[in-house]
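What follows is one structure encoded as structure tokens, with my remarks underneath.
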Number of protein chains: 2
Amino acid sequence: MNGDFSPQEKDGFYKAVFSRRDVRSHFTAEPIDDMVLSRILNAAHHAPSVGFSQPWNFILIKDKQARREVKESFERERSRSSALVEDPKRSKYLSLRLEGILDSALNLCVTYDPSKFGPFVIGRSSIPETGLYSVCCAIQNLWLAARAEGVGVGWVSILSNNDLKRVLGIPEHVVPVAYLCLGHVTNFAEKPDLESAGWLNRLPLKDVIYYERWNNAKDSNWEQIQEMILSNFD
Amino acid sequence: MNGDFSPQEKDGFYKAVFSRRDVRSHFTAEPIDDMVLSRILNAAHHAPSVGFSQPWNFILIKDKQARREVKESFERERSRSSALVEDPKRSKYLSLRLEGILDSALNLCVTYDPSKFGPFVIGRSSIPETGLYSVCCAIQNLWLAARAEGVGVGWVSILSNNDLKRVLGIPEHVVPVAYLCLGHVTNFAEKPDLESAGWLNRLPLKDVIYYERWNNAKDSNWEQIQEMILSNFD
């Protein structure tokens with residue numbers, strides 16, 4: 001079965017992949033339409049999950065007081081982590097805009113509940129982390145769907161999970177996986193912010209691909225694909 | 001900025017999300033075109049990553065001997081995990097088709113290398129797992145891109161990571177995150193295999209959404225969205 005996607009459908013899909021950004025600024029005050037938000041959450045809920053365990057929950061946060069507390073957690077953690085790096089990187093790090101907690105229309109905490117449908121979940125016995133991995137797949141579905149809907153998403157990872165659990169009343173056995181800021185934006189940046197800021201470059205695609213074994217970057221059986229990768233995507 | 005996706009582009013994107021399946025059977029012998037594979041890998045490489053660290057690698061595996069060893073690992077782990085559950089679930093579990101290691105066109109191991117661009121990665125100090133989470137986002141991009149290209153993907157998680165590391169020569173500090181089987185298929189199932197098999201049902205969307213705090217399933221501020229979710233997606 002090939003070609004059940006038209007060229008236009010493929011283009012729509014890839015447009016979401018390549019124009020998606022991790023958004024920390026450019027948020028506008030415009031609220032997210034409930035229907036749009038429902039579609040975004042429904043896309044997340046249709047992610048793959050180990051043993052079909054659907055171990056995710058989505059906590060939608062509009063309340064400003066809760067968000068202020070989360071922002072304080074961000075500020076403590078940013079200050080703590082900036083001490084781990086030396087100037088000039090430290091100053092650069094502290095100059096970067098890294099969150100949109102209060103100026104985005106909506107915050108969203110995505111959690112992992114290992115007890116859902118447990119304790120025996122098909123495919124989770126050998127590698128228990130696959131439960132967490134499933135939640136990440138849902139987050140990426142959400143992120144891409146938001147992009148297709150014109151909604152920016154920023155993942156704030158400079159936070160204390162203990163603070164999140166306290167502020168949002170998350171029980172001991174549940175893991176906060178992502179804290180996201182969602183909202184309409186004035187524009188989506190052409191490149192990732194950290195690339196534009198000169199922090200790091202995107203690696204050439206060929207540098208992340210190995211053939212048959214770790215660290216094996218060349219194999220005669222694979223010449224053609226290497227050529228494709230070199231000529232098309234570097 | 002709204003509406004930079006046409007209805008057709010949105011449809012193409014959502015088609016990938018809703019028709020994507022975890023494929024364990026229906027693989028055909030047709031090889032994956034190198035250009036198609038390049039596009040799928042390039043989509044994966046354009047996933048978000050904490051601090052733009054791009055900590056993923058993709059090991060492409062065609063070699064049958066390596067795959068046979070991985071399949072032996074699957075069989076050992078399946079046998080081991082089947083002992084954790086009692087009949088009738090045990091018999092049902094053992095009757096399910098759970099991998100396509102040898103009959104898919106290509107196997108692919110996706111790994112996480114925490115040393116890449118390290119040790120200081122922006123946003124990874126407070127929650128080190130965000131490195132692993134980034135790799136999962138890449139896997140979901142890959143999975144959706146494959147679907148748009150008509151290529152099935154199955155994630156085999158009934159495996160020993162130690163076996164994978166040995167067979168593929170993966171160094172100690174690198175984590176195998178996913179072992180995927182890729183190939184063209186005779187068809188994509190309408191529903192997830194575990195849903196069709198009566199193992200579990202998809203939860204109603206409203207059951208995975210909370211408002212403001214954990215376990216808070218109702219809030220008057222959110223009435224409209226709850227209604228949307230109930231009427232459109234259950």
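Overall shape: rounded for the protein assembly as shown, with the ratio a/c of the largest to smallest alpha carbon gyration tensor axis below 1.5.
Each Lys and Arg Cβ is given +1 and each Asp and Glu Cβ -1; about its Cα centre, the protein assembly as shown then shows a dipole of about 760 debye.
Here the Gaussian network model covers chain A, with springs between Cα atoms less than 10 Å apart; of A:Ile127, A:Ile139, A:Ile61, A:Ile127 fluctuates the most.
Charge tally for B:Val85 (other residues, Cβ to Cβ under 12 Å; Lys, Arg +1; Asp, Glu -1): +4. Pairs of Cα atoms in the range B:109-179 fall into 5 Å distance bins, from 0 up to the last occupied one, in shares of 3, 14, 22, 20, 19, 14, 6, 1 percent. For B:Asp103, the point set 7 Å out from Cα toward Cβ sits 5.5 nm from its twins in the other copies, listed from shortest up.
Taking neighbour Cβ counts within 10 Å as the exposure measure, how do B:Glu99, A:Glu195, B:Glu172 sort from fewest upward?
B:Glu172, A:Glu195, B:Glu99
Just to be sure I understand: of the beta bridges DSSP finds with both ends in the protein assembly as shown, what percent are antiparallel, rounded to 5? Close to 85 percent.
Quarter the surface of the alpha carbon convex hull of the range B:115-228 and you get the mean projected area, 11.8 square nanometres. Build a GNM of chain B with springs between Cα atoms under 10 Å: which of B:Gln54, B:Gln65, B:Gln140 gets the top mean-square fluctuation? Most flexible of the set in this elastic network: B:Gln65.
Counting other Cβ atoms within 10 Å, keep those with at most 16, restrict to DSSP loop, and tell me which trypsin sites (Lys or Arg not before Pro) in the range A:5-85 are left. Passing both the DSSP loop test and the Cβ count: A:Lys62.
Ranked for footprinting exposure by Cβ neighbours inside 10 Å, fewest first, B:His26, B:His45, B:His173 give B:His173, B:His26, B:His45. Considering the range B:1-155 at the alpha-carbon level, its Rg and Dmax are found to be 18.4, 55 Å. The ranking of A:Cys109, B:Cys136 from fewest to most other beta carbons within 10 Å of each one's beta carbon is A:Cys109, B:Cys136.
In the structure displayed, which of A:Lys15/B:Lys191; A:Lys15/A:Lys165; A:Lys191/B:Lys62; B:Lys15/B:Lys165; B:Lys71/B:Lys92; A:Lys116/B:Lys165 lie more than 24 Å apart, Cα to Cα? Exceeds cut-off: A:Lys15/B:Lys191; A:Lys15/A:Lys165; A:Lys191/B:Lys62; B:Lys15/B:Lys165; A:Lys116/B:Lys165.
Among the trypsin sites (Lys or Arg not before Pro) in the range B:90-160, those placed in a DSSP loop whose Cβ has at most 16 other Cβ atoms within 10 Å are B:Arg97. Taking the charge dipole of chain A about its Cα centre, with +1 at Lys and Arg Cβ atoms and -1 at Asp and Glu Cβ atoms, the residue from A:Thr28, A:Ser79, A:Gly100 reaching farthest to the positive side is A:Ser79. Taking 7 Å steps out from each Cα toward its Cβ at B:Glu30 and A:Arg213 produces label points 3.4 nm apart. For the segment B:201-207, counting C-beta atoms of other chains within 10 Å of every residue's C-beta and taking the mean gives 4. Of all the options B:Pro128, B:Pro192, B:Pro48, the one that moves most in a Gaussian network model of chain B with Cα springs shorter than 10 angstrom is B:Pro128. For chain B, the list of Cys residues with no other Cys C-beta under 4.7 Å reads B:Cys109, B:Cys137, B:Cys181. Label-point distances for B:Pro128 to the equivalent site in the other copies, using a point 7 angstrom along Cα→C-beta, read 1.7 nm when ranked shortest first.
For chain A, hydrophobic long helices are taken as DSSP H runs at least 18 Å long by C-alpha position along their axis with mean Kyte-Doolittle hydropathy of 0.0 or more; these are A:130-148.
Of the beta bridges DSSP finds with both residues in chain B, what % are antiparallel, to the nearest 5?
95 percent
Every read-out reported here was derived from the displayed coordinates using simple, explicitly stated rules and does not represent laboratory data. Since we're looking at a predicted model, the values are computed, not measured. Positions of Cβ are generated from backbone atoms using ideal geometry, with glycine treated the same way; all protein chains shown enter the neighbour counts.
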